[in-house]
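Report on one structure; see the data block that follows.
The values are calculated or read from the model by the stated rules, or taken from the named source; none is laboratory data. Everything numeric in this text was worked out from a predicted model, so none of it was measured. Positions of Cβ are generated from backbone atoms using ideal geometry, with glycine treated the same way; all protein chains shown enter the neighbour counts. Side chains included, ligands, DNA and RNA excluded: accessible areas come from the protein's heavy atoms. Shrake-Rupley method; radii C 1.70, N 1.55, O 1.52, S 1.80 Å.
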Amino acid sequence: MVQHEIDFSHLPSPCYIVDENKIKHNLEILADVQEKANCKILLALKGFAMHSVFPLISKYLKGITASSLFEARLGYEEFEGEVHIYAPAYRPDEFPKLLKYGDHIVFNSFSQWQRYEPLVAEYNAKNKKKILCGIRINPEYSEIEKPIYNPCYKYSRLGVTLDNFRADELDGITGLHFHTHCEQNSEPLERTVRVVDLKFGEYLKNMKWLNYGGGHHITRPDYDIPKLINSIKYMQDKYGLEIYLEPGEAIALNTGYMVATVLDIVHNEIDIAILDTSAAAHMPDVLEMPYRPYVLGSGMANEYKYTYRFGGLTCLAGDVIGDYSFNEPLKIGDRIVFTDMAHYTMVKNNMFNGVNLPSIAVFTLEQKIKVVRKFNYQDFKKRLS
Ligand SMILES: *Cc1c(COP(=O)(O)O)cnc(C)c1O
């Protein structure tokens, strides 16, 4: 891949900047999988919903997957392609609107399916577009270790287990859906597909499609793509199913940065740099996952001569990003660039403490910087009364 030089020095601060060239690189990998495996890949808006780059993404992927009315509408209005919808439950006041946007609607339980089946039937009878319905299953097999990210942990509300599967209520159901992965390579998928086959194979015989969910880290350099393709072909060959994948992270992995600025340097046994950003507000996964984002030109604590703890702008004591070392001492006003900041950032950030949101910029295919959005006091105020 060609490395493009982005000049971070003239951006607003803080600011996310997404590199379309890197998005394109990921999309080429995904398009290759679509072609070789004859499957359909959707962008999960939950992980990345920066709609100014949807025109680029829709050239490669078949559609989007939404987990709410707003995401479904955004996909319908801004993305040229199929709209798939899944949520743990649908609100009666919102469901009629989902019918307009959706191509596939996946239900989390048979009671939800029973409740909304008449509305789907009525819609399909009246409209040219025919909505396909599916059930999310819980194969009770996942290799995700953190319970907060594991949809198969004990008492999980996500998907129907084999014990609760109602074989006599499948009339009108054309597909099944499972989502049991998170940032994983294709080996766990290979094992999961076997479990799904073993448990739900007799139902798959009568289905037209199967959605493998998200969490497939397909664009990571060490990802085993041939194994993914084999896992797709397995279900295609055995049951003649159309296979969907709906990753979010894989589309935006390693495509974006966040630029921040050192506002102050304080000392309390160690050196602490206070930045104009926040883990709690602008990169919540740093605290929730938790993980330590990489900073351009930095090393681990004490790897280089000058080590700083990076702290955020909110009053939360734990609003700490991590410890970083540099060859030269940091100065107030220095710019800091965090990498891999495109996914699960903009979609999750908040204005806790009234801290403004980072601006959003794009580094275009023509290698120009374009600031696409800045936020202001009205954005803060409108949500609060
Ligand atoms: C979160 C989620 C995705 C996307 O997951 P990534 O880890 O971003 O690939 C897809 N489908 C469902 C049902 C999800 O909950």
Inset, instruction - Can you tell me which residue among Glu145, Glu140, Glu187 is farther than 18 Å from Gly248 by Cα and in a helix (DSSP H, G or I)? - result: Glu187
Inset, instruction - Six or more apart or on different chains, Cβ under 9 Å: which pairs go from a residue in segment 330-344 that's over 17 Å from Asp7 (Cα atoms) to one that's within 15 Å of the ligand (Cβ to nearest atom) and in a strand (DSSP E or B)? Could you list them? - result: Ala342/Gly256; His343/Gly256
Inset, instruction - Grab the strands (runs of 3 or more DSSP E) fully contained in segment 316-385, keeping just those with 1 or more residues being open to solvent by 60 Å² or more (accessible area, probe 1.4 Å). - result: 335-339, 369-373
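Filter segment 241-267 down to the residues that are in a loop (DSSP other than H, G, I, E, B) and within 14 Å of the ligand (Cβ to nearest atom), then identify the one that is most open to solvent (accessible area, probe 1.4 Å).
Asn254
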Inset, instruction - With respect to Leu61, determine if the residue is closer than 20 Å to Leu241 by Cβ, within 11 Å of the ligand (Cβ to nearest atom) and open to solvent by less than 40 Å² (accessible area, probe 1.4 Å). - result: no
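Here are Glu145, Glu94: which of them is under 21 Å from Phe70 (Cβ atoms) and surrounded by fewer than 19 Cβ atoms within 10 Å (Cβ to Cβ)?
Numbers: Glu145 fails: under 21 Å from Phe70 (Cβ atoms).
Sole residue among the options that is under 21 Å from Phe70 (Cβ atoms) and surrounded by fewer than 19 Cβ atoms within 10 Å (Cβ to Cβ): Glu94.
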Inset, instruction - Starting from segment 285-302, keep only residues that are assigned to a loop (DSSP other than H, G, I, E, B), then list their pairs with residues that are among the acidic types (Asp, Glu) and open to solvent by 10 Å² or more (accessible area, probe 1.4 Å) whose Cβ atoms are within a distance under 6 Å, requiring at least 6 positions of separation or different chains. - result: Ala301/Asp323
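Suppose we filter segment 210-235 for residues that are within 15 Å of the ligand (Cβ to nearest atom) and either not in a loop (DSSP other than H, G, I, E, B) or not hydrophobic (A, V, I, L, M, F, W, C) (or both); how many remain?
First, the residues of segment 210-235 that are within 15 Å of the ligand (Cβ to nearest atom): 210-220, 223, 228.
After this cut, where a residue has to be either not in a loop (DSSP other than H, G, I, E, B) or not hydrophobic (A, V, I, L, M, F, W, C) (or both) as well, the list is 210-217, 219-220, 223, 228.
Qualifying residue count for the region: 12.
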Legend entry - Of all residues making up segment 13-45, the number that are under 30 Å from Thr261 (Cα atoms), open to solvent by 20 Å² or more (accessible area, probe 1.4 Å) and among the acidic types (Asp, Glu): 1
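Of everything in segment 31-66 that's among the small types (Gly, Ala, Ser) and under 11 Å from the mean Cα position of the chain (by Cα), which residue is nearest to Leu228 (Cα to Cα)?
Narrowing segment 31-66 to residues among the small types (Gly, Ala, Ser): 31, 37, 44, 47, 49, 52, 58, 63, 66.
Checking the rest, the ones that are also under 11 Å from the mean Cα position of the chain (by Cα) come to 44, 47, 49, 66.
Working: Ala44: 18, Gly47: 21, Ala49: 25, Ala66: 23 Å.
Filtering first and then ranking leaves Ala44.
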Legend entry - segment 164-223 - residue that is of a type in the set (D, E, K, R) and touching a Phe, Trp or Tyr at 6+ places or on another chain (Cβ under 7 Å) and, of those, most open to solvent (accessible area, probe 1.4 Å): Lys205
Legend entry - Residue tally, condition more than 20 Å from the chain's Cα centre (by Cα), part of a loop (DSSP other than H, G, I, E, B) and not basic (Lys, Arg), over segment 157-178: 5
